[in-house]
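**Student:** Got a structure here, written out as structure tokens. Questions coming.
The values are calculated or read from the model by the stated rules, or taken from the named source; none is laboratory data. Note that the structure is a prediction, hence the values are computed from the model and not measured. Neighbour counts run over all protein chains shown; Cβ positions are idealised from the backbone, glycine included. Remember, those area values only see protein heavy atoms, side chains included, never the ligands or the DNA or RNA. Shrake-Rupley method; radii C 1.70, N 1.55, O 1.52, S 1.80 Å.
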Amino acid sequence: MGNQIETKEALPFVTGSVINTIFRNEAEHFSIVRIKITKTNLDYQDKEIIVKGYFDQLQDQTAYCFYGVMEKHPRYGSQLKVQSYETILPTTKDGLVQYLSSDLFYGVGKKSALKIVEKLGENAVSKIMDDPSVLDGVSGVSKETGKKLAERLRENQGFERVAVKLSEYGIGLKMAQVIYQTYRDEALEVLKKDPYQYVFDIEGFGFKMADQIASGQGISHTHESRIGAGVIYILQQSIQAGHVYLPFEKCMQEVIYLLHLPNPDQGSVSDVIMQLNTEKKVIVIDERVYLPSLYYAEDNFTASLKKILTKPIEDEVPLAELLKITGEIEEEESLSYGKEQFDAIVQAIHSKIMILTGGPGTGKTTVITGIIQAFAQIHELSLNLSDYQKKDNFPFILTAPTGRAAKRMSESTGLPAVTIHRLLGWNGMGSFEKDEHEPLSGKLLIVDEFSMVDTWLANHLFKAIPDTMQIILVGDEDQLPSVGPGQVLTDLMKSEVLPVISLTDVYRQKEGSKIIQLAHQIKNTDCDKNSLENARDFSFISCHDYQMTDVLTSIIDKAQKKGIDSSSIQVLSPMYRSQAGIHAINEALQQLINPPGEKKREIAFQDVVYRVGDRVIQLINQPEDGIYNGDIGEIVAMFKPEENAENEEQIVIAFEDKEVVFIRKDYNNFTHAFCISIHKSQGSEFPIVILPVVYSHHRMLRKNLLYTAITRGKESLIICGEKEAFIKGVQTEDTNRRYTSLQEMLHIQLANQKAEKKEYETVEDIPEEELSPYDFMD
């Protein structure tokens, strides 16, 4: 076929039997195996070779043929990366007995296998697969054993046959396993009939791959399945821009552009979209086209919100009591609440769900602590975890989207805090332990950095919240929206169905913080070149992109010579590529901060060299190891295969209170973190932040991006680059509208719900006769 990448016969192959399995991941079916070679078309002189790939457990004393491509490992030499493989069925009596009595076929021992071969001959395997009833006449083989033997033979031979064929289209073994699990023996028939069906049925199977295969099969450019798969692809791609849906017309036009269809064909595209709606592969409502998972995420989130709000708080706390409680907290903590802060505490105590927002320095942390302490006193709850027999009985739940945000929350409140994924018991496979059937237990839930929470995660979180719980959502609406689809915090605030307390009084600015001042100037669109004058905690160093790595290394080198630990410095960049991008900066800073040494171990992986002592950031969630996307750690050890029982190269990374071992196939799960993206920094704070901003970043420079970046700096901020680029960036609003329907859903489902702010007269206005000294005594 014209689109096949390489025929089986043209591929390098190795035939042989297993010597030993070096590594196997049962969940992924990934193995690294040493093979004794009996035949090969490779220019390879050794008698043994390492093969690696996604295949079932290989059996000893069974011959296999592996097809693939040779790779040169920088340390371990030549290996065959397997694209497909097949079992070479034995042709001798002894070989067949050995094969049928192997671990592949449970319940068939050597005696039974011998009887089968003696009865059916050297074609026993094909006879059994064609007609399992041929085993009925074999003594010692029960009907159940015979049935299972036939099923397992078909499964083994079937998968290998499918995998070999799929490899001709460039489909790897890992995806081949998913395809076979979905369609079993019909996999190739489905591919031949309609490759686009894979796009509908198999998560992760790309439209472009299906399009390539279909083109080779002569499937029409305007085939309905092609248009339908194009619709799914366009909707999946729109998620990366944060959309929950696409307007019907926009979806049509993007599909026409993707598929290079003539414009008159928009009628057929419209018909296909409506047919997909009938089949529930998309949902079309009010001229909007949704992927079902996102439509139901918004809908279910709204329903959960309604359920919680429907059950009111039973007891109202008198103002006098709140004044007394907050007065005691002020005395104990040696602080004085401003009016906004006191109002926020009052509102939180009387709200089922409240939103607390505010920029840096406005005292959000102070308010959160005050809410917790006031809630504890009102409900006579201990804040001491040791007073509860089980941790699950602790009535206060503090959570945030990232590990670093949760850690900051815990440090500021003195209470335990966890990530949302850990709180809900995410299993790494898309599902959570906690839901409406097994809800969270507690009385007060506080979610920090809620602007980072996307539609999917918000739905899962609120499904698990019982209607007896009170909830505080904390965030800064001026920061970047979530990386995933939706803009949940913004939509909740605009819907006006929940009370919102916005803190505007800036306290840290009064202490002389230029970072706070600059943040609020950006927030209020009041930033110009005069705003960038140097101060005690702020510097602007002018340079161009081609000078950036030299300037950054010079700054950090001077800081280290002054005794400043480089781990307290975080460089944030808007882009990965360019001379002033993340990749180039990481390479330069590694050379400065952690250069190679005679006794320092290092490992080359793709185009990166990792060393013991490197700072790295986790890129995906690994709940089984307790680490999550955005966690920052340090490489503390490296091991050669011969130095560990697994006989596998390893990198050990220390994350906060745990060490996690990574094997080579998982090295893509982390990357260097001397410099990280601004998006990855959300939810974190660093003592010193250095921010490169140059014209070559212009595609990314937006007000909310730069605001997010500078508010990561806790003690000091250094901006390097071009002032004009920075000013233009902060004056550029993010005009990329996200298509979401949460506001409308909230208005429909909560038609009679209007946020009510708890209003009290100010203390100065309360008549004296309404209060007496006894109101402030125990």
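**Student:** Order 44-55, 171-182, 636-647, 464-475 from most to least packed using the mean count of other Cβ atoms within 10 Å.
**Tutor:** Going by the mean number of other Cβ atoms within 10 Å, highest first, we get 464-475, 171-182, 44-55, 636-647.
**Student:** Among 31, 705, 547, pick out the residue whose Cα is farthest towards the positive end of the charge dipole of the chain, where Lys and Arg carry +1 and Asp and Glu carry -1 on C-beta, about the Cα centre.
**Tutor:** So the residue furthest toward the plus end is 31.
**Student:** Going out from 0 in 10 Å bins, what whole percent of all Cα-Cα distances in the range 194-289 drops into each bin?
**Tutor:** The calculated distribution, bin by bin, is 16, 53, 29, 2.
**Student:** Right, here's the next one. Put 198, 183 in order of accessible area, largest first, 1.4 Å probe: what do you get? Don't jump to the answer; show the numbers that get you there.
**Tutor:** Details: 198 0, 183 30 Å².
The ranking, largest first, comes out as 183, 198.
**Student:** In Å², what does the accessible area per residue of the range 194-289 work out to with a 1.4 Å probe?
**Tutor:** Per residue, the range 194-289 has 46 Å² of solvent-accessible surface.
**Student:** Once you list every other residue whose beta carbon is under 15 Å from the beta carbon of residue 431, what net charge do they have if Lys and Arg are +1 and Asp and Glu are -1?
**Tutor:** Value of the local net charge: -3.
**Student:** Taking the dipole about the Cα centre of the chain, with the C-beta of Lys and Arg at +1 and of Asp and Glu at -1, give me whichever of 486, 377, 468 is farthest to the positive side.
**Tutor:** Positive-most Cα among the choices belongs to 486.
**Student:** So what are the range 290-381's ellipsoid semi-axes, whole angstrom, largest first, if each one is the square root of 5 times an eigenvalue of the alpha-carbon gyration tensor?
**Tutor:** With the √(5λ) rule applied to the range 290-381, the semi-axes are 32, 17, 10 Å.
**Student:** Enter the Cα centre distance for the pair the range 217-280 and the range 364-434, rounded to the nearest angstrom.
**Tutor:** After rounding, the separation between the Cα centres reads 44 Å.
**Student:** Obtain the nm distance between the two label points defined at residue 443 and residue 422 by a simple spin-label model: each point lies 7 Å from its Cα along the Cα-to-C-beta direction.
**Tutor:** Going by the 7 Å Cα→Cβ label model, 2.5 nm.
**Student:** May I ask you to rank 545, 657 by accessible area, largest first, using a 1.4 Å probe over the protein chains only?
**Tutor:** 657, 545
**Student:** May I pose another question? Just how large is the dipole of the chain about the Cα centre, in debye to the nearest 20, putting +1 at every Lys and Arg Cβ and -1 at every Asp and Glu Cβ?
**Tutor:** 3200 debye
**Student:** Right, something else. Over the range 13-169, average the accessible area per residue using a 1.4 Å probe and give it in Å², no decimals.
**Tutor:** 51 Å²
**Student:** Determine the dipole magnitude for the range 13-169: charges of +1 sit on the beta-carbon of Lys and Arg, -1 on that of Asp and Glu, nothing else is charged, the reference point is the Cα centre, and the result goes in debye to the nearest 20. Could you put the intermediate results ahead of the total?
**Tutor:** Numbers: 22 positive and 21 negative charges, 48 e Å.
Once rounded to the nearest 20, the dipole reads 220 debye.
**Student:** Continuing with this model, one more query. Got a sec to turn the phi values of the range 43-50 into Karplus ³J(HN,Hα) couplings, 6.51 cos²θ - 1.76 cosθ + 1.60 with θ = phi - 60°, whole Hz, x for Gly and Pro?
**Tutor:** 7, 9, 9, 5, 8, 10, 8, 8
**Student:** Counting only protein heavy atoms and a 1.4 Å probe, tell me what percentage of the chain's accessible area is made up of carbon and sulfur.
**Tutor:** Numbers: 17320 of 36820 Å².
Roughly 47 percent, rounded to a whole number.
**Student:** Turning to a different aspect of this structure: Using the Kyte-Doolittle scale, find the helices of the chain whose mean hydropathy is at least -0.5 and whose Cα atoms extend 24 Å or more along the helix's long axis, counting only whole DSSP H runs.
**Tutor:** Both cut-offs are met by 292-310.
**Student:** Out of all DSSP beta bridges in the chain, what portion is antiparallel? Express it as a percent rounded to 5.
**Tutor:** Looking only at bridges with both residues in the chain, the antiparallel portion is about 60 percent.
**Student:** Go ahead and estimate [θ] at 222 nm for the chain from helices alone: -39,500 (n - 2.57) per DSSP H run with n ≥ 4, summed, over the residue count, rounded to 500.
**Tutor:** On the way: 26 runs with 282 residues, N = 778.
Per the formula, -11000 deg cm²/dmol.
**Student:** Which entries in 391/443; 174/250; 174/658; 352/434 show an alpha-carbon gap greater than 23 Å?
**Tutor:** Violating the 23 Å limit, Cα to Cα: 174/250; 174/658.
**Student:** Viscosity 0.890 mPa s, temperature 25 °C: what is the translational diffusion coefficient of the range 13-169 from Stokes-Einstein with a Kirkwood Rh over Cα pairs, rounded to a whole number of µm²/s?
**Tutor:** Approximately 147 µm²/s, per Stokes-Einstein.
**Student:** Mind putting together the pair-distance distribution for the range 82-203? All Cα pairs, 5 Å bins, whole percent per bin, short to long.
**Tutor:** 2, 11, 20, 20, 13, 12, 11, 7, 3, 0
**Student:** HN-Hα J couplings of the range 128-140 from phi, Karplus 6.51/-1.76/1.60, θ = phi - 60°, integer Hz, Gly and Pro as x?
**Tutor:** 5, 5, 6, 8, x, 5, 5, 7, 4, x, 8, 5, x
**Student:** Could you work out how far the C-alpha centroid of the range 545-573 sits from that of the range 687-705, in angstrom?
**Tutor:** 16 Å
**Student:** Return the sequence-ordered ³J(HN,Hα) values of the range 381-394 in whole Hz as given by the Karplus equation 6.51 cos²θ - 1.76 cosθ + 1.60 applied to θ = phi - 60°, using x for Gly and Pro.
**Tutor:** Result, ordered by residue: 10, 7, 9, 8, 4, 6, 7, 10, 4, 10, 4, 5, 7, 5 Hz.
**Student:** For the range 642-702, place one equal point scatterer on every Cα, skip the solvent, and apply the Debye formula. What is log10 of I(q)/I(0) at q = 0.19, 0.22 Å⁻¹?
**Tutor:** Values returned for q = 0.19, 0.22 Å⁻¹ are -0.90, -1.05.
**Student:** Could I ask something else about it? So if I place +1 on the C-beta of Lys and Arg and -1 on the C-beta of Asp and Glu, and nothing else carries charge, what would the dipole magnitude of the range 194-289 be about its Cα centre? I want it in debye, nearest 20.
**Tutor:** For the range 194-289, the charge dipole is close to 160 debye.
**Student:** Can you pull the semi-axes for the chain, root of five times each eigenvalue of the Cα gyration tensor, sorted largest first, whole Å?
**Tutor:** In descending order, the three semi-axes are 55, 33, 29 Å.
**Student:** Mind grabbing the accessible area of residue 432 for me, 1.4 Å probe, Å², rounded to tens?
**Tutor:** 40 Å²
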